[in-house]
Amino acid sequence: MIETKDLCKSFGDLKALDHVSVSIRSGGVFGLVGSNGAGKSTFLRLLSGIYRPDSGSVEIDGKRVYENQAVKSRLVFIADDPYFFPNATPREMEEYYRGVYAAFDGQRFRKFLTALDLDAGRKISAFSKGMKKQLAVLLALCTNVPYLYGDETMDGLDPVMRRAVKSLFAEEVAARGLTAVLSSHNLRELEDICDHIGLLHRGGLLLAQELDELKSGLHKVQAVFPYTVYPKAFEGMQLTSFKQSGRMYTMIFRGDGEEIRRRLEEKEPVYMEMLPVSLEEAFIYETEVAGYDFQTLFL
Amino acid sequence: MIFKPSSCNPLGRAGGKPWVFACSFVAYFFALPVFCALRLQEYLHWQNGAESALAGQKIAGVLQELFGLANAPVLIVTAAGSLMAAWVYFAYLNDKKQVDFYHALPISRRKMFFRRSAAALLSLWSAYGLNLLLAAAVVYAMGMGSLWQWSAVWSGLAGHLTFSLALFFTAVLATELTGMHILSAALTLFFLGAGPSAIWSVRQLASCFYPSYYADFYNWQAPALWSSPLARYILAAGENQIPPADRLWIAGGIALLALAALLLHLRRPSEAAGRSIAFPLAEPLLKYPAALWTALILAMLLQEIGGQTLAGLPYGWLLFGALIGGVLACQVAEIIFQGDFKAGKSHLRGLAVFCLALVAVILMNIFDITGFNRFVPAPEQTAQVQIRFDGVNDYVYDGYYVTNMSYEYNTDASAQNIRREFAQGTLDTEEGIAAAISIQKKLIDAEQAQKIRERQGTAEDAAIEAEPYHSYTGCYLLYTLKDGRQIARKCVYAPIRLTDIAEELDVIFRSDSFLDGQYTLFQQAPQNLRLDDIASFADYRYNQWKNDPLFLKWRGRDLAPLLTAFEADIKSLTPDYMRQNAPVGSLSFRCYVQGIEDGASLEQLNGQTYAYYTYPLYPCFSQTLAALADLGYEDIIWQDRPEDIRRIVLYQTHEDGRETETVYDTSEEIERILDASVISDMLQFDPFIEVDYDRYYTVKHLDQDRYDTTRYGRLDPPDAGGSGNH
């Protein structure tokens, strides 16, 4: 388990992280979301032991991370702009990683390279940005370490590659209990893969919750009424969102799904359908509860 | 095992820098094997011919130089290579991507530091070692293997590697303190050069503020050299060794540098990559010393270029230079630290404090708050004084101080260094010490009075006064106090006449210990001495003496009686006598430093190092003249005689610039002129006599083959009572 307690980090006068406390259980994917400058990269670098915390602690399985080689041998970090040795090839990077990470699976790595049509003998400097990102992800996955951190990992990947990477992560989580912490400024990107989500804003952690828990108790309903309805018609029901488009109303309620269905049916809608709640919609609710306008957090 | 193949392999692709090795190898190739071949090629056939032993000696010396510390190309390559290796192998600290990569890996920073240091140094040293072997092969191939000296090789190897370490860790330190490549290089060069240049400028400023500061007494060289590993390296190369006494200090210094580099490496925040300065706490520690250094250098430069005053303000250029230098350096530093041209405004308070402190320190020195210039030890505190007169009765001529040459000068043939100064003598009696202190006080008072006159007068008044010649006398004093402390002072160019310190001079010239210091010839072993020249200023034949077979024959000459007589005569001289009477000639001796072996030829002696002593002969040296006569030198005309002279021509430059010639050809006029003038050759030997340089006489002799002698009229002839008329 990854645990941070009152984690603080400043760069001069800029407070990048302000008393961030979070527990990330093992064997899952934690999505770290936030706008630009929220502190996501700083947080990941603290988890990776690159930065020293100004105060607070970062621990993995109860052991501090910074300058702890035993702990760091169990994690790998994929930077937003990954570094490769000048004039190196994927084969040479593999050789280096094999020397650093004892459990590096070279065979698997070469198999991935072939599958993604990446030439092992070609200079990485000739790769495109997306190809470099792919290579970085593959190298990290093949280290077979229990903890993987990715900073804007999906950035630069094409939709097909994104899907492939997501499924790889999912496989790793399922097969060997990989714990991944992935940051992004795009909620939709993380929705498919994460089972735990955290929202950073201006160095502070606004929320950190299981995705299921976040979405649980929220129900999205699309209904058509023969008459005009107003939000006050749903007093007594926890209405969190109300949108009208002609006679079509899209509403999000919190509470028991069956109870919500029953009470809506009492209103005799012409049409009614229960729809899945998106992560963004769940966030909107949660952040508004916290007193923030979600839209402004990402604009 | 230190080196894993795939992690920081010094010669591998991943983490290694093979081009560092390649460049080092090429550079060392030219500095060692090629340089060796070029230097030794002239000795290729050294074993042929009768001079083979001598050639062998020379080759051995060359080999010692080539493979030792004194090999300048190796020094340059090692210095440059060490700095480059540090910058290259630790450059990753300045790159955000690389820092993220390496610091996320399960490799401790300590291990990273040692591996990179080892890889960098191994790249450089292996290139050096391989070329050393190649150079050795060249030596053997040229047939000079038998002259090879392993001791020189090990000594050179150890020396170069030692300083390579020092320079390497200095550059690593600089790289760790900064976050940008160019600043790393700049800071490294600052570390290497700031110490010696700052110490030099402080020395120069001290001399500027404190005329009595005797800079040569203080060993500034040592702190300057020890403040920079590069300076120390260059000195060691010049001596072709690291002195055994210094080895422990150098090792300690390197250990400290390495430790500091390691500590900084461990503490360096990863986020410093790309910033100007890695440690915020280091900003003032770098900014203010750099500002102070800039202030000192600019102050000295402007003082040298602009002079003592700026718009009538004494030390104006110095103050201006210091302030401008300090302000500029502080502002530039802030701009660099913050990466913003507007950053200078935000630290004005610190800048103001710095400038105020700088001005305060300079003003304290200008006004001699501590009383340094006026300090004179109490006689009862003083155990002895070493005094050396620098310019006795010097005069100002056409705006320049003219120093009469000393009557003792040493020529070290090997060093080609002529010392133009009086010798130093020691005064250890109460009387002597009191005399020296009295002289210093009078010189200080005279200097102060001159400064007051200059301040009160106009710029023209401060220049040369109406009286054409104004005596200036100075001295260097080294006091040894009874508590063991030593205090050095100099008083130079004080406008004082010798008559003002006549009593003190008489006491001093009666001190045996002082005279021993003045006339060190008589402390040399007589068997190491040879009479080199007897000069009579008036005798046209004196040049011939140098070529006289009798004169050149040194075998069998016992100089002891001459030396004994000469010592007795010269040590009996008093300042009063020297003021009244001019020397008529001189004796010159060579003292061979290595001694003279029986049977050594003149040619062999000429190849030796020797010291040269020339002392004056006065008319009263009856014992010396008798001893010279005993040696066969009796037919010498010591003074111009009226009966030998046809006419005397006076050449005079007037105040309006006119030059006139006046001829005197009557015996009365000739006799009068001879009495009231001195021969020009004596001037370098007796500074107690003042002459008028605007009037000189050319003496034409009856003997047409005889060369003319030049004379100057005395300003203070013995019978004129100081009227100066003639």
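Side notes on the structure shown:
- Of all residues in segment A:82-106, those that are over 24 Å from A:Ala70 (Cα atoms) and facing chain B (nearest Cβ under 7 Å) have Cβ atoms under 9 Å from Cβ atoms of residues that are assigned to a loop (DSSP other than H, G, I, E, B) and open to solvent by 20 Å² or more (accessible area, probe 1.4 Å), 6 or more apart or on another chain, in A:Phe85/B:Arg13; A:Ala88/A:Lys123; A:Ala88/B:Arg13; A:Glu92/A:Phe84; A:Glu92/B:Arg13.
- Residue, nearest to A:Asp54 (Cα to Cα), within segment A:64-81, restricted to residues that are at the interface with chain B (Cβ under 7 Å from one of its Cβ atoms) and open to solvent by 20 Å² or more (accessible area, probe 1.4 Å): A:Glu67
- Residue match in segment A:176-196 (condition: touching a helix residue (DSSP H, G or I) at 6+ places or on another chain (Cβ under 7 Å), surrounded by fewer than 19 Cβ atoms within 10 Å (Cβ to Cβ) and either among the aliphatic types (A, V, I, L, M) or modelled with pLDDT of 95 or more (or both)): no
- Of the set (1) surrounded by fewer than 19 Cβ atoms within 10 Å (Cβ to Cβ); (2) within 15 Å of B:Val584 (Cα to Cα); (3) not hydrophobic (A, V, I, L, M, F, W, C), all apply to B:Arg646 but (2).
- Among the residues of segment A:115-130, the one identified as within 14 Å of chain B (Cβ to nearest Cβ), open to solvent by less than 50 Å² (accessible area, probe 1.4 Å) and outside any helix (DSSP H, G or I) is A:Gly121.
- Failed condition for A:Val33, given (1) away from chain B (no Cβ under 13 Å); (2) in contact with a Gly (Cβ under 8 Å, 6 or more places away or on another chain); (3) without any contact (Cβ under 8 Å) to a residue 24 or more places away in the chain: (3)
- Number of the exception - A:Phe112 against (1) within 8 Å of chain B (Cβ to nearest Cβ); (2) on the phi < 0 side of the Ramachandran plot; (3) under 28 Å from the mean Cα position of the chain (by Cα): (1)
- Among the residues making up segment A:67-84, a single one is in a helix (DSSP H, G or I) and polar (S, T, N, Q): A:Gln69.
- Residue in segment A:147-169 that is at pLDDT below 90, assigned to a strand (DSSP E or B) and open to solvent by less than 40 Å² (accessible area, probe 1.4 Å) present: no
- Screening segment B:66-110 for residues that are of a type in the set (Lys, Arg) and within 8 Å of chain A (Cβ to nearest Cβ) and picking the one that is farthest from B:Ile182 (Cα to Cα) gives B:Arg109.
- Qualifying residue in segment B:2-18 (condition: away from every other protein chain (no Cβ under 14 Å), part of a helix (DSSP H, G or I) and at pLDDT 75 or above): no
- Any chance B:Gly238 is under 27 Å from B:His160 (Cβ atoms), in the same structural domain as B:Gly81 (by TED's automatic domain parsing), touching a residue at least 40 places away in the same chain (Cβ under 8 Å) and surrounded by fewer than 18 Cβ atoms within 10 Å (Cβ to Cβ): yes
- Criterion (surrounded by 20 or more Cβ atoms within 10 Å (Cβ to Cβ), at pLDDT 95 or above and either closer than 22 Å to A:Gly130 by Cα or of a type outside the set (Lys, Arg) (or both)) met by exactly one of A:Leu32, A:Leu7, A:Leu17, A:Leu46: A:Leu46
- Residue count for segment B:84-98, restricted to those that are surrounded by fewer than 24 Cβ atoms within 10 Å (Cβ to Cβ) and touching a residue at least 60 places away in the same chain (Cβ under 8 Å): 8.
- Count of segment A:71-99 residues which are closer than 13 Å to A:Val145 by Cα and in contact with a Lys or Arg (Cβ under 7 Å, 6 or more places away or on another chain): 1
- Only listed residue being in a helix (DSSP H, G or I) and more than 14 Å from chain A (Cβ to nearest Cβ), chosen from B:Gly49, B:Gly56: B:Gly56
- Filter result for the condition that a residue is at pLDDT 85 or above, over 30 Å from B:Val332 (Cα atoms) and not assigned by TED's automatic domain parsing to the domain that holds B:Leu481, over B:Ile444, B:Ile362, B:Ile433, B:Ile369: B:Ile369
- Filter pass, A:Val22 being under 18 Å from A:Leu205 (Cβ atoms), more than 8 Å from chain B (Cβ to nearest Cβ) and surrounded by fewer than 24 Cβ atoms within 10 Å (Cβ to Cβ): yes
- Any hit, segment A:42-62, residues being facing another protein chain (nearest Cβ under 8 Å), outside any loop (DSSP other than H, G, I, E, B) and more than 15 Å from A:Pro146 (Cα to Cα): yes
- Wholly enclosed helices (runs of 4 or more DSSP H) of segment B:118-229 bearing at least 1 residues among the basic types (Lys, Arg): B:181-209
- Cross-chain or 6+ apart pairs with Cβ under 8 Å, segment B:653-670 first and part of a loop (DSSP other than H, G, I, E, B), then open to solvent by 50 Å² or more (accessible area, probe 1.4 Å): B:Asp665/B:Arg646; B:Asp665/B:Arg647
- Every condition in (1) open to solvent by 10 Å² or more (accessible area, probe 1.4 Å); (2) closer than 14 Å to A:Pro90 by Cβ; (3) within 20 Å of the chain's Cα centre (by Cα); (4) not small (Gly, Ala, Ser) is met by A:Lys133 except one, and the failing one is (1).
- Evaluation of B:Ala251 against (1) within 16 Å of B:Gly195 (Cβ to Cβ); (2) within 31 Å of the chain's Cα centre (by Cα); (3) not hydroxyl-bearing (Ser, Thr, Tyr) (one fails), failing number: (1)
- All positions within segment B:675-712 that are without any contact (Cβ under 8 Å) to a residue 40 or more places away in the chain and either over 16 Å from B:Ala538 (Cα atoms) or buried (at least 20 other Cβ atoms within 10 Å of the Cβ) (or both): B:Val691, B:Tyr712
- Residues in segment A:166-218 that are aliphatic (A, V, I, L, M) and without any contact (Cβ under 8 Å) to a residue 12 or more places away in the chain: A:Ala174, A:Ala175.
- Hey, B:Leu262 in a helix (DSSP H, G or I), surrounded by 15 or more Cβ atoms within 10 Å (Cβ to Cβ) and within 14 Å of chain A (Cβ to nearest Cβ) or not: yes
- The residues of segment B:266-280 that are part of a loop (DSSP other than H, G, I, E, B) and charged (D, E, K, R), listed by number, are B:Arg268, B:Arg275.
The values are calculated or read from the model by the stated rules, or taken from the named source; none is laboratory data. Predicted, not measured: the structure shown is a model, and the values here were computed from it. Don't worry about glycine lacking a Cβ; one is built from the backbone with ideal geometry, like all the others, and counts go over all protein chains shown. The protein model used for the area step is the full one, side chains on, heavy atoms only, and it has no ligands, DNA or RNA in it. Shrake-Rupley method; radii C 1.70, N 1.55, O 1.52, S 1.80 Å.
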